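Working notes, structure below.
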Amino acid sequence: MQLGGSDEREEHVQQLAEEQAEVWTCSMHPQIRMPEPGQCPICAMDLIPVPTSGAAEELGPRQLRLSPSAQQLASIQTAPVERRFAPVETRMVGKIAVDETQVSYITAWVAGRIDRLYVDYTGVQVAPGDHVAYLYSPELLTAQEELIQALRAQERLGDSGVGSIAQIARATVEASRDKLRLLGLKKEQVERIERERKASDHLTIFAQTGGVVVEKHLSQGAYVQTGSPIYTIADLSRLWLEMAAYESDLAWIHFGQEVQFTTEAYPGETFAGRISFIDPLLDERTRTVRVRVSVPNEDHRLKPGMLARATVRAQVAADGRVMDPDLAGKWISPMHPEIVRDGPGVCDVCGMDLVRAEELGYLSLDEAGAETPLVIPASAPLLTGKRAVVYIALGEGLYEGREIVLGPRAGDYYLVRAGLHEGEQVVVNGAFKIDSALQIRAKPSMMNPQGGGSVPGHNHGGSTLVSPAPAVSEHEGHAHGDMDDAMVEKADMAEPATHGEMAEKVGMVVPAVFVRDLQPLFAAYFAVQQALSKDHMHGAHSGAGALVEALDGVTMDALEGSTHRAWMAADRELRQGAEAMRSAGDIAAARQAFASLSTALTEVARGFGVSTGEVHVFYCPMPFDNEGAAWLQQGERTQNPYFGSKMYGCGSRQETFNAAGAE
């Protein structure tokens with residue numbers, strides 16, 4: 001009964017639309033206007049009626065009114081434009097390493113022979129004052145004899161009555177003592193020699209600092225020179241977390257920011273540290289910048305070499321600057337970010353003067369209050385390369401499109417430079433359906449900012465490519481609520497098709513300049529393919545980031561109509577694949593994302609062409625539990641990215657794309 005009622009309603013809506021329709025159009029190609037029903041000559045979709053009767057209402061060229069039922073069908077949701085600090089999370093991976101500033105050496109202060117090593121393997125924990133080696137040294141024996149002789153001379157001359165001679169004797173004794181101390185003897189050892197008047201040709205070497213022996217440079221019996229290292233000691237109570245940040249994330253990363261991270265060894269437990277160094281140079285091979293975090297490790301639970309997943313959280317102000325409430329108004333050490341004070345002073349570690357947090361790029365409390373940014377949810381704008389379009393809810397079912405100027409994306413929000421005001425309601429869900437309904441009515445929309453329009457090369461005869469009648473384009477008639485529902489239902493059909501469908505249905509004419517713009521995109525993809533074929537996860541991550549940058553660099557000014565829409569669909573699929581690769585936690589997930597990326601780029605090569613050389617399509621039937629997967633590569637020898645070194649040569653060439661240079 002419910003199905004039957006639904007069918008009757010659809011028939012009623014369709015009949016009502018047909019009775020009011022004088023012109024039939026295509027939901028994907030609104031420039032097609034025909035006097036009777038049929039199929040679109042471009043995409044073969046069924047034409048839909050354009051209502052021309054009903055109560056007239058003055059609407060702007062970018063406005064659309066929907067009935068409550070139409071809004072429900074389109075799943076319209078809105079959110080306010082508001083001023084707030086946009087939260088940003090930057091995720092990175094890294095490795096725990098030894099803090100270089102906590103590394104010291106135990107060296108030989110005098111030449112000789114190592115007769116015994118008390119610490120005879122690495123990994124031993126030593127404390128300051130622990131004996132670590134026993135050294136034989138003739139030079140040391142001579143220096144002790146000099147002290148003993150100087151003491152005896154002082155005693156003989158002590159009662160001589162000649163003041164200058166006694167003074168010289170005392171100076172000789174002090175010089176002999178200083179010499180022994182410089183050779184590594186402790187004060188207690190020198191005092192024992194003076195007391196016993198007995199020289200020794202052996203010296204016990206003591207640790208000057210505490211830590212873990214991470215390297216043993218010599219073995220027992222080895223001869224050493226003055227300054228020869230015997231052990232390397234590392235204090236592991238403070239470590240480094242070394243990470244690599246993509247250049248697109250650098251705006252949200254600052255010295256002194258808190259970083260939270262987890263490790264495989266302690267699942268569910270979060271550790272924290274502060275950024276102590278950001279490399280001033282970018283690695284051109286990986287397109288990343290080294291970031292170092294200073295991590296306290298008093299309990300020695302963290303070990304050098306552990307892998308970590310880190311998160312840096314920031315709050316972004318109006319001009320893209322970072323606001324950190326914990327550091328606002330504070331003073332920080334420029335060398336040791338863990339030293340934070342409420343007022344000026346010096347660093348407890350290095351003695352350098354503390355600096356204001358504002359000098360390190362943070363907003364002050366006064367600036368933060370004045371620069372709260374205007375933000376909208378990231379799902380609100382429809383992006384078309386250089387343009388951004390949002391739809392504003394004006395009330396009573398009336399929506400208006402507006403081009404705005406966006407700032408950087410900050411997490412789930414976009415900063416707004418111009419075009420919106422605080423408190424306005426923007427559509428965050430269903431905006432594409434509103435835009436599609438405007439396309440159907442031949443009004444200005446995301447893809448067609450002028451409204452109407454035509455696609456060159458697609459007049460198939462029997463169809464008429466005409467501009468919309470003034471009554472439709474300037475003063476849209478307001479139809480019955482059921483007619484609005486029908487228009488939105490048809491707009492549902494106008495959701496972007498996949499690029500494969502677009503390329504298959506439309507014989508696209510692609511300008512040569514656009515094909516050349518795709519060259520960096522293919523180059524970035526080939527870098528990912530090469531990295532995966534060699535089991536290089538880091539290279540695949542870097543290549544995915546370069547691929548997103550290449551997509552950002554593609555200009556679409558030369559594209560029109562269906563070609564433009566086909567590229568937009570392809571761009572969306574490519575970005576989804578690249579982002580999935582960037583967020584992949586392991587190489588298996590990266591290869592899964594690479595398969596989707598390869599499918600999308602193969603359709604791009606097939607529909608838009610390639611600019612240089614030959615691009616081959618290879619196929620292997622074994623990936624993903626024998627489901628099979630394809631990929632693109634330049635060379636003719638198989639380089640399997642799904643198995644890497646395990647089955648590098650598994651696969652066969654299926655297709656070849658040659659360079660296309662003409663429009």
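The values are calculated or read from the model by the stated rules, or taken from the named source; none is laboratory data. What you are looking at is a predicted structure, and each value in this text was computed from that prediction instead of being measured. Cβ sites come from the backbone with ideal geometry, for glycine too, and all protein chains shown count toward neighbours.
Under 6 Å between Cβ atoms, at least 6 apart or on separate chains: pull out the pairs that start in the stretch 417-432 with a residue that is more than 24 Å from residue 73 (Cβ to Cβ) and end on any residue that is of a type outside the set (D, E, K, R) and modelled with pLDDT under 90.
417/407
List every residue pair whose Cβ atoms sit under 6 Å apart, with the two residues 6 or more apart in sequence or on different chains, where the first one lies in the stretch 585-599 and is outside the structural domain of residue 618 (by TED's automatic domain parsing) and surrounded by fewer than 17 Cβ atoms within 10 Å (Cβ to Cβ) and the second, anywhere, is assigned to a helix (DSSP H, G or I) and aromatic (Phe, Trp, Tyr).
No pair meets every condition.
For residue 274, are the conditions met, namely being crowded, with 20+ Cβ neighbours inside 10 Å, on the phi < 0 side of the Ramachandran plot and either at pLDDT below 95 or not assigned by TED's automatic domain parsing to the domain that holds residue 333 (or both)?
yes
State which residue pairs qualify: first residue within 12 Å of residue 137 (Cα to Cα) and inside the stretch 196-221, second residue hydroxyl-bearing (Ser, Thr, Tyr) and in a loop (DSSP other than H, G, I, E, B) in any location, beta carbons under 8 Å apart, and separation of 6 or more residues or different chains.
201/137; 202/137; 203/137
So which of 87, 37, 128 ends up being touching a Gly at 6+ places or on another chain (Cβ under 8 Å) and either without any contact (Cβ under 8 Å) to a residue 12 or more places away in the chain or part of a loop (DSSP other than H, G, I, E, B) (or both)?
The conditions single out 128.
Specify the residue that is nearest to residue 134 (Cα to Cα); the eligible residues are those in the stretch 182-226 that are among the polar types (S, T, N, Q) and surrounded by 12 or more Cβ atoms within 10 Å (Cβ to Cβ).
If we take residues in the stretch 182-226 being among the polar types (S, T, N, Q) and surrounded by 12 or more Cβ atoms within 10 Å (Cβ to Cβ), then 204 is nearest to residue 134 (Cα to Cα).
Can you tell me which residue among 166, 143, 175 is surrounded by fewer than 14 Cβ atoms within 10 Å (Cβ to Cβ) and over 54 Å from the mean Cα position of the chain (by Cα)?
175 is the lone residue from the list that is surrounded by fewer than 14 Cβ atoms within 10 Å (Cβ to Cβ) and over 54 Å from the mean Cα position of the chain (by Cα).
Can you tell me which residue among 132, 126, 88 is of a type in the set (A, V, I, L, M), at pLDDT below 90 and at negative phi?
Result: 88 is the single residue among 132, 126, 88 that is of a type in the set (A, V, I, L, M), at pLDDT below 90 and at negative phi.
To keep it simple, each residue is scored yes or no on (1) over 17 Å from residue 535 (Cα atoms); (2) in contact (Cβ under 8 Å) with a residue 24 or more places away in the chain.
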position: 616; (1), (2): yes, yes
position: 621; (1), (2): yes, no
position: 628; (1), (2): yes, no
position: 643; (1), (2): no, no
position: 655; (1), (2): yes, yes
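Taking the criterion of being closer than 26 Å to residue 127 by Cα, touching a Ser or Thr at 6+ places or on another chain (Cβ under 8 Å) and among the charged types (D, E, K, R), would at least one residue in the stretch 176-184 satisfy it?
No.
Could you please find all residues in the stretch 250-262 being surrounded by fewer than 19 Cβ atoms within 10 Å (Cβ to Cβ) and not hydrophobic (A, V, I, L, M, F, W, C)?
Answer for the stretch 250-262, where residues must be surrounded by fewer than 19 Cβ atoms within 10 Å (Cβ to Cβ) and not hydrophobic (A, V, I, L, M, F, W, C): 258, 260, 262.
Can you name the number of the only condition in (1) over 44 Å from the mean Cα position of the chain (by Cα); (2) at pLDDT below 85 that residue 39 fails?
(2)
Of the conditions (1) among the charged types (D, E, K, R); (2) within 27 Å of residue 234 (Cα to Cα); (3) in contact with a helix residue (DSSP H, G or I) (Cβ under 6 Å, 6 or more places away or on another chain), residue 179 fails just one. Which one is it?
The one condition residue 179 does not meet is (2).
Is it the case, given these coordinates, that residue 563 is within 29 Å of residue 42 (Cα to Cα) and crowded, with 20+ Cβ neighbours inside 10 Å?
yes
Here is a yes/no grid of residues against (1) closer than 15 Å to residue 598 by Cα; (2) assigned to a loop (DSSP other than H, G, I, E, B); (3) of a type outside the set (Lys, Arg):
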| residue | (1), (2), (3) |
| --- | --- |
| 522 | yes, no, yes |
| 526 | yes, no, yes |
| 543 | yes, no, yes |
| 554 | no, yes, yes |
| 564 | no, no, yes |
| 570 | yes, no, yes |
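I need the full set of residues from the stretch 528-541 which are over 19 Å from residue 571 (Cβ atoms) and either part of a helix (DSSP H, G or I) or not assigned by TED's automatic domain parsing to the domain that holds residue 645 (or both), in order please. Before you say what the answer is, go through the steps one by one.
Taking the stretch 528-541 as the starting set, the residues that turn out to be over 19 Å from residue 571 (Cβ atoms) are 529-541.
Matches in the stretch 528-541: 529, 530, 531, 532, 533, 537, 538, 539, 540, 541.
Which numbered condition trips up residue 276, out of (1) of a type in the set (Ser, Thr, Tyr); (2) under 30 Å from residue 107 (Cβ atoms); (3) over 20 Å from the mean Cα position of the chain (by Cα)?
(3)
Among the residues of the stretch 400-412, what is the count of those that are closer than 21 Å to residue 433 by Cα and touching a residue at least 24 places away in the same chain (Cβ under 8 Å)?
4
What number goes with the only condition from (1) in contact (Cβ under 8 Å) with a residue 24 or more places away in the chain; (2) surrounded by 15 or more Cβ atoms within 10 Å (Cβ to Cβ); (3) within 23 Å of the chain's Cα centre (by Cα) that residue 233 does not pass?
(3)
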